[in-house]
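Working notes, beginning with the structure itself.
None of the figures in this text is laboratory data; all of them are computed from the coordinates on show. Fair warning: this is a prediction, and the values are worked out from it, not measured in the lab. Cβ atoms come from the backbone with ideal geometry, glycine included; neighbour counts cover every protein chain shown.
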Amino acid sequence: QRTEQLEGFASLVSHDVRNPLNVAQGYVELLAERTDDPAVDEIDESLDRIETIVADILALSRGERELDLAPTALESVVADAWASVDTPNATLEIGGEHPGGDGLPRVQADGSQLQRVFENLFRNSIEHGMPAENPRLTVTVSYADGVLTVEDDGVGFPDGRVESLFELGETGSGGGTGIGLAIVEGLIEQHGWSVTAEKCDECGGARFRIAGIDPLP
């Protein structure tokens, strides 16, 4: 019953918010063609933020559903997630080793839900890790010995705080919905894995470690 109520609420939010949101985005596009006022860009960014919040609410509700597990190429999922996130001034690198090859392995997973995990991790790095001065960022995804690592060379976690990052409603220094990392933890645990966050001593930024992953032959 709780799941049905959550999904009903999410669908209501999606329908009632997305329709006027799409109208507003259309008018912003028209305004952008008529003026170079920087206020138009600010409005556009705010509308994009609303769209992200709606998507996060839907993802949180759908996280209650059973996963559709199948052999999944992690490298393809990571690439699709990166392509779907706005990544200005950011670079993706992939590496690692596993039995049967280099790079990222194939695993038993729900590909669409796993893509959501990477989208939120990438978005977290860009929104919270991008340096204010010299805004450049490299995000690295690698695999070794059952652990998938997502790390960046950004500014790291505020005050080194990592204990509450996955709590619903917790936001970082760059703002946020407070939903994204809660979705990450929920989906990772549904797969039977675990996720932790730590400061990346080598790169200076943030590191997320997803453990318990068994590569397929």
Margin query: If R₀ is 22 angstrom, what is the calculated FRET efficiency for the pair ASP16 and GLU42, using the beta carbon separation as r and rounding to 0.05?
Written below: 0.35
Next item on the list: Return, for the Cα atoms of region 89-170, the radius of gyration and Dmax in Å, separated by a comma.
Entry: 14.3, 42
Next item on the list: Please go through region 92-166 and write out the GluC sites (Glu not before Pro) that DSSP classes as loop and that have at most 11 other C-beta atoms within 10 Å.
Entry: GLU133, GLU163
Notebook entry, point to check: Under a 5 Å amide H to amide H cut-off, with H placed in plane at 1.01 Å, what residues pair with ALA109 once short-range neighbours are removed?
Noted result: ALA70, THR72
Checklist line | Charge tally in the Cβ shell below 12 Å around ILE213, where Lys, Arg are +1 and Asp, Glu are -1, ILE213 excluded | finding: 0
Next item on the list: Enumerate the amide H contacts of THR91 below 5 Å, restricted to partners 5 or more residues apart or on another chain; note that Pro and chain-start residues carry no placed amide H.
Entry: LEU137, THR138, VAL139
Note to self: Using a Förster radius of 41 Å, what is the FRET efficiency between ASN134 and ILE50 based on their Cβ-Cβ separation? Nearest 0.05, please.
What the structure shows: 0.85
Margin query: If amide hydrogens are placed 1.01 Å from N in the peptide plane, which non-local residues have theirs closer than 5 Å to the one on CYS200?
Written below: GLY205, ALA206, ARG207
